[in-house]
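Let me begin by presenting the structure, written as structure tokens, before commenting on it.
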Amino acid sequence: MRRSVLLFAGILACAQAGAQPCEGPQDLALAAAQGDADAQAALGYWFAEEGHTDCAIDAFKRSLRQNPESFDTRYNLGAALAESGDYDGAAEELRAASQLDPENAQAWFALGTVLLEAGQPAEAEMALRNALEKDALSAPALAELAQAQRQLGKRAAAIATLEELLRVEPDSQVGKAMLESLRRPSVSPASRAARAFQSGDLVTAESAFREALNASPDNALIHFNLGLTLLGLDRPGVAAEHLSRAVDIRPNLAHAWLALGTARHRLGRLDASEQAFRQAVSLDPEQVEARHNLGIVLASQSRHSEAESALREAVALRPGDTAILTALGMTLARQQRLQEAAETLQEVVRLSPRSAGAHLNLGVVLGDRSQWEEALEQFETALNIEPASGQAAFQRGRALYELRRYGDALEALALARGALGERPEILRYTGQALNRSARYEEAVAPLQQAIVKGPDNHTSHSELGLALLQTGRTVEAVEALKRALELNPRDSVATVNLIKALYREGSDETAQYSDRLRDLKRQESAAARAKVLSNFALAAAGREEWESAVGQLREAVEVCGDCPIQAVLRKNLGLVLADAGEYPAALAELRAARSLDDHPDIEYALGVVERAAALGQR
């Protein structure tokens, strides 16, 4: 919202560190689950305070189903809906709250502010007048009323309201600026808006663009510029409405499609965002930002092959753009093409040697390649450039851990905790470093905290199991290690430690897990041999030696059996067969890969080969 005017009213809730989104503090969640309306409302307030707005909305709605006459809950739901960008829904709840307590000035004020955000200045004016009837000296209400009057073209009334505001609050910079702009010789709202936008005064620009819309409601460019202004004010929901209107009026307005894609992306509407960016590209093939943003949207959906194509097109149009090169490098890394990723990010470092983020990204990819000395050098360079970077401190600690410099790692991780707080990954690495230093008693607490904050990480449970086992707490160790294997049945280290713990207890389960360990070792060995064959095959494919490549990949699939990488092997075999022109066999392998793993990259590869096969049959 434009200002922080929607204050959550009158409910207190305890905070519990580490609760997961839509779970909340255990005692509060339990009471809410038992149908306690007040607990539901308090849970909603807790979620809102933690920044989980969607969870807060759900909790407030559940509370209202049990107690629809609660003013506080109606008000808080309106505030949460406004925070999410649903201004129409927020207005509905705040109207209801105002009817429940008609003498509450804050409720009328909040309603007026939300209505202004929703582009309803006439009703906003009435709500704000009601607020001022209850509290005539409210400077924020006077400022918002002047905005509403200005948008309605009531220049004299807005001036009078601003004069009253300055009597109440003589130092109000907002009031002075608005009054000065209204007293200037008459300038068209569109011109005033453009001037304000260019100067960075987005609040004034929004008001003036809305005035312009009152005079020309079907002007696509005004809708477009108002949408851009609202994006700048971080209000993507309302921005999307005006940008959608702009492209409805002028469907060939490429820049409006680009801005609409950005608004939808911020709202988490990825499919609609992709559609808008593709439309921008089709209308303006030279539109670099649309290709860049399209690549980011596709990557966020794990459609990395498609993302790579879009980003390479953007790089071709603007070769030295470090933001695009960074996105391309990270997309390559997510496809495990780490050599290409490192080369791309090295180019970013060359272009921006004083960018801490560039060194940090390169270091992460070098670490993924197990080049930990080189990674450490990049993290330390990032810290020299930006000494307060908690992320660089964490990654430095991670690199030192991998280099078995556990004492140094613990110092770096302590700095990261100071900068970033008690994040689960920092706590986990701290526990691991303590375990490797044989400081098992000390390792227990950070690993337990890591599990509270991130309960689904199998490594945290596995490391906690080791620490508990080494300190003689065998029953707890068994519980932790079994949980690790529930989360990752292929964790051979957890399996070994669980066998040790069960053996100490004299458990009959020892034999069962020993059999499982033998099977895991067999699979790991098969995967390692299959990976070597696959690497040789891909090298042969790069030389267009199709027969050799196909033969080696078929052997890799056979060697792998049910090993963890069989889906990747079959995908690679399918792509090589397609390159060799053997489309029926290629499609069979890709469909088999999809049945093993529904990863978007496999789906995309299958689609590409299906289209190529169809063209080849014509």
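The values are calculated or read from the model by the stated rules, or taken from the named source; none is laboratory data. Predicted model only: the values in this text are computed from it and were never measured. Quick reminder, even Gly has a Cβ in these numbers, built from the backbone with ideal geometry, and neighbours come from all protein chains shown. For the accessible areas, the whole protein counts, side chains as well, though only heavy atoms, and no ligand, DNA or RNA atoms are used. Shrake-Rupley method; radii C 1.70, N 1.55, O 1.52, S 1.80 Å.
Below are the figures for this structure:
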item: Dipole of segment 120-254, positive direction: furthest Cα of 214, 174, 142, with charges on the beta-carbon; result: 214
item: Segment 129-160 and segment 248-302: distance between their alpha carbon centers, rounded to Å; result: 38 Å
item: Lysine pair number, Cα distance threshold 21 Å (strictly under), the chain, separation 8 or more or different chains; result: 7
item: Dipole in debye (nearest 20) - segment 274-418, about Cα centre, beta carbon charges: Lys, Arg +1; Asp, Glu -1; result: 280 debye
item: Whole-percent carbon and sulfur share, accessible surface of segment 518-618, 1.4 Å; result: 51 percent
item: Ranking by accessible area, most exposed first, for 389, 370 with a 1.4 Å probe; result: 370, 389
item: Length-normalised contact order for the chain - Cα pairs under 8 Å, 6+ apart - percent; result: 5 percent
item: Furthest towards positive pole of dipole, 546, 600, 501, structure part the chain, Cβ charges; result: 546
item: Area of residue 52 that stays accessible when all protein chains are in place (1.4 Å probe, Å², to 10); result: 50 Å²
item: Dipole of the chain [Lys/Arg +1, Asp/Glu -1 at C-beta], most positive-end residue of 153, 514, 327; result: 327
item: Solvent exposure of the chain as accessible area per residue, Å², 1.4 Å probe; result: 46 Å²
item: Euclidean distance of C-alpha centroids, segment 553-589 and segment 384-443, integer Å; result: 41 Å
item: Within segment 236-277: Cβ-based charge dipole about Cα centre, in debye rounded to nearest 20 (Lys, Arg +1; Asp, Glu -1); result: 100 debye
item: Prolate/oblate/rounded call for segment 241-356, Cα gyration tensor, a/c under 1.5 rounded; result: prolate
item: Nitroxide proxy distance, nm - points 7 Å out along Cα→Cβ at residue 515 and residue 38; result: 5.6 nm
item: Net charge, residue 175 excluded, C-beta distance under 11 Å - Lys, Arg +1, Asp, Glu -1; result: -3
item: Solvent-accessible surface ranking, highest first, for 330, 126, 178 at 1.4 angstrom; result: 126, 330, 178
item: List 278, 167, ordered by accessible area with a 1.4 Å probe, largest first; result: 167, 278
item: Helix-derived mean residue ellipticity, 222 nm - over the chain, DSSP H n ≥ 4, -39500 (n - 2.57), to 500; result: -25000 deg cm²/dmol
item: Accessible-area composition of segment 388-505, carbon plus sulfur, in percent [1.4 Å probe]; result: 48 percent
item: About the Cα centre, charge dipole magnitude for the chain (Lys/Arg +1, Asp/Glu -1 at Cβ), debye; result: 920 debye
item: For segment 41-81 versus segment 490-521, the gap between their alpha-carbon centres in whole angstrom; result: 47 Å
